[in-house]
Amino acid sequence: MPGTQRASNAKRATNISLSDPLITEAKALGINLSKAAETGISQAIKKKKEELWLLENRAALDGWNEYVEKHGLPLAKHRQF
């Protein structure tokens, strides 16, 4: 997605706080904490953007659903299923 990533994929050090048992178990299982955190944050960003899109487009979606309820699908007569 344009504008969602930095120009390069350069890594930047940051500090996060995690519970000791979580860190211990992840290390025991050979989980790369940085990679797991990056994956989780990426998924959280994607989910939040989807939620925001739905909120921003709620009126249009509701309007379309209302139209279909009143008039049916515009090209329903051409459907093969």
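Scanning the stretch 26-35 for residues that are of a type in the set (S, T, N, Q) and not in a loop (DSSP other than H, G, I, E, B) turns up just one, Ser34.
Residue-by-condition table, conditions (1) surrounded by 10 or more Cβ atoms within 10 Å (Cβ to Cβ); (2) in a helix (DSSP H, G or I):
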position	(1), (2)
Ile16	no, no
Thr24	yes, yes
Ala37	yes, yes
Leu55	no, yes
Asn65	yes, yes
Lys77	no, yes
Gln80	no, no
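Every read-out reported here was derived from the displayed coordinates using simple, explicitly stated rules and does not represent laboratory data. Only a predicted model underlies this, so the values are computations on that prediction, with no experimental measurement involved. Note that we place each Cβ from the backbone using ideal geometry, even for glycine, and neighbour counts take in every protein chain shown.
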